[in-house]
Amino acid sequence: MQHEPLHDVRPASDDARPVAGVDVSKARLDVFIDTPGRRLAVANDDDGVAALAAELLEHRVRLVVLEATGRYHRRVAAALLDAGLEVAVVNPAHVRDFARAAGKLEKDDGIDAEVLARFGRAMNPRVSQKAPPQQALLADLVSRRRGLVQARVAEANRAREQTAPLARRQSAKLLRLLEQQVEDLDREIAKIIEADDGRRGKAKVIDSVPGIGPDTANQLVAELPELGELNRQEIAKLAGLAPLKRDSGRFRGQRKIGGGRADVRACLYMAAFNARQKCDRFRRYFEGLMARGKRYQVAMTACMRKLLVTLNRMVKTNTHWDYHLHGELT
């Protein structure tokens, strides 16, 4: 059975204006603009991005699609948004699945740019919004902190198994250094959040929930800036905490979570765990689920989702935690 070629994918929109795909690497940007079939490559620097923006505006491109690849895509996306272009930052796994479904199994930078353009044309992904000032810096600091915390846990586990005196001394010294660097990052993250009225307000609202401390609140503000701007279903799906259907015909499969932001889920797991210890309402909610026969991880996931939805409502209404306002968690 032969696959249909990728270029036969029909536009999902009546808008005939071009869609562009940009494959981002450290040194170069490979670009494909679909309706004229134009290809180009520019350097991934300020001059290259400026030239790219001018080219896209000249072709009246209605949507530019990039994969989420970390700091490299963030700089390009921000520059194109500042130039007045609409930009969608998409999940690389979704784009790869789209390419396979279209029979496009080859892969290089030029092909990836074309796939991104075809994906944007067919799927019409959600357009990204301009990030608040210093959002990229904040994301980098939080990512660095997460790596240090993981290294600290790994070294602490190794330290317990060390028998040689020199190895024990080295582990102790490294753990002190890691702890100091985490504290330095916490102070810098807190300073950035404190300097911005919107972020500071969000952090204080989140911090008001029993069991959530300032560091956790700052992480959520940095890694989930959409908090308070979406409805409950959208915020749960964004974090990967929305139960997904797995049905076929008469078969009704077990609902499971999937996708979303794994780092946000890890943060919410500890926040929900602490909220169970500090807040009667979350504890009763969790114990009620367990009493109904739910497995521990299922009950914890439900607590994480309930906490996230509660935080989303509180941030949206700028309301601090109050036992009388938030009612029973049922």
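The values are calculated or read from the model by the stated rules, or taken from the named source; none is laboratory data. None of the values given here were measured: they were computed from a predicted structure. Cβ coordinates were reconstructed from backbone atoms using ideal geometry, including for glycine residues, and neighbour counts include every protein chain displayed.
All told, residue 315 meets the bar of being in contact with a Gly (Cβ under 8 Å, 6 or more places away or on another chain), touching a residue at least 40 places away in the same chain (Cβ under 8 Å) and assigned to a helix (DSSP H, G or I). All told, residue 212 meets the bar of being β-branched (Val, Ile, Thr) and in contact (Cβ under 8 Å) with a residue 60 or more places away in the chain.
Only one of the numbered conditions (1) in contact with a Pro (Cβ under 9 Å, 6 or more places away or on another chain); (2) outside the structural domain of residue 21 (by TED's automatic domain parsing) is violated by residue 119, and that is (2).
Taken residue by residue, the stretch 28-42 has at least one member that is in a loop (DSSP other than H, G, I, E, B) and surrounded by 13 or more Cβ atoms within 10 Å (Cβ to Cβ). The C-beta contact set for the stretch 65-81 (first residue closer than 14 Å to residue 92 by Cα, second residue among the acidic types (Asp, Glu) and not in a helix (DSSP H, G or I), distance under 7 angstrom, 6+ apart or interchain) comprises 73/67.
Total residues in the stretch 30-51 satisfying the condition of being within 23 Å of residue 121 (Cβ to Cβ), in contact (Cβ under 8 Å) with a residue 24 or more places away in the chain and touching a Leu at 6+ places or on another chain (Cβ under 6 Å): the figure is 1. Taking every residue in the stretch 218-233 that is within 15 Å of residue 265 (Cα to Cα) and pairing it with any residue that is polar (S, T, N, Q) and buried (at least 19 other Cβ atoms within 10 Å of the Cβ), at least 6 positions away or on another chain, the pairs with Cβ-Cβ distances below 8 Å are 227/312. Within the set 275, 299, the sole residue that is touching a Pro at 6+ places or on another chain (Cβ under 7 Å) and either outside any loop (DSSP other than H, G, I, E, B) or outside the structural domain of residue 225 (by TED's automatic domain parsing) (or both) turns out to be 275.
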